[in-house]
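Here, each number is a calculation from the coordinates, and none is a lab measurement. What you see is a predicted model; the values in this text were computed from it and never measured. Here the Cβ is made from the backbone with ideal geometry for all residues, glycine too, and neighbour counts use every protein chain on show.
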């Protein structure tokens, strides 16, 4: 079933064996030592190596950019070494794995920064509360990044990209979505700058472009992608004219020759974030000719429809891959998905349960036959 989803896809130098991708999913298992990958994570990614491309969980590029308990980083030699067996396990199973590079900007709570405030495009404050090791805490007002901060942070992205290459990844994806630092520069309600990084949509894409240029310098454009969330509010980041803003972002991606662009686009009936702001994939498609990946609340049939119609080239599945390590096999067989429990406790707690204990179709059948 769904033959179109099992056609290979060339994205620059990246060769996907199918068009069912695993979306980046923060899972909070890098608990001991803090921010360092481990053997449990190796099992998790190895189990899901059948995806056409695995996009790793968001991975911190620096201490000051990572504010999620037990999320992994890629800024140190120790972290880089710890990622190597994970990458090798995926490759040994015939999979492809691309690292998503993450800076959270104003979403980093001062708890992670020795009490100092986070920084962002402008001095703004995210709504709601941050997850910290001592419970939920109200976000702090960020300080506006100086030009020196910008230059240093671009250097952090470059170092992270170099470390990802040392670890053996197939490429990197810039996390430009979900209200994090890149998105904070892109959106006009979080970017209030009056210098060359603020104002017009083109200026607001400048930081994104300069970071991408650093990644491309390390990897080549044919192994670099980006994730964007072009419609609706995301952690308080929003835009008054998403067509103009993300049209400019798409043109920058086209000019740089990125291998792929992934879009997280919730709709009015979204199950994890929803919005009435129209989806912007047609705008991106009109301005960017590389491979386009869509994400958010897809069924197998909807994915088939959108790839068949050339609305996109592939679809990334998030929560379905949590509870279905062999999701692509289930889609091929027309089998039902193992339902996700939708219990955040199982998503983020640093334990095996709800992480590496979900059965494959074969294991389910074997258990049924033995009953």
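A few notes on this one:
- Summarising the strand pairing of the chain, around 20 percent of its internal DSSP beta bridges are antiparallel.
- Neighbour-count ranking [beta-carbon atoms within 10 angstrom, fewest first] of 293, 74: 293, 74
- Using C-alpha pairs below 8 Å separated by at least 6 residues, the relative contact order for the chain is 17 percent.
- Helix 77-92 axis, angle to the chain major axis (alpha carbon atoms, nearest 10°): 40 degrees
- Angle between the chain longest axis and helix 242-256 axis [Cα atoms, degrees, rounded to 10]: 80 degrees
- Mean residue ellipticity at 222 nm, helices only, the chain: -10000 deg cm²/dmol; runs of at least 4 DSSP H residues each add -39,500 (n - 2.57), and the sum is divided by the number of residues.
- Neighbour-count order for 98, 283, 134, fewest beta carbons within 10 angstrom listed first: 134, 283, 98
- Inter-part distance where the range 192-249 and the range 102-167 are each reduced to a Cα centre, Å: 17 Å
- 102, 347, 83 arranged by Cβ crowding within 10 Å, fewest neighbours leading: 347, 83, 102
- Helix axis angle, 147-166 relative to the chain longest principal axis, alpha carbon, degrees: 20 degrees
- Descending principal axes extents, the chain, alpha-carbon based, whole Å: 66, 45, 38
- Here the peptides 320-329, 294-303 are ranked by packing, the mean other Cβ count within 10 Å, and the order with the highest first is 320-329, 294-303.
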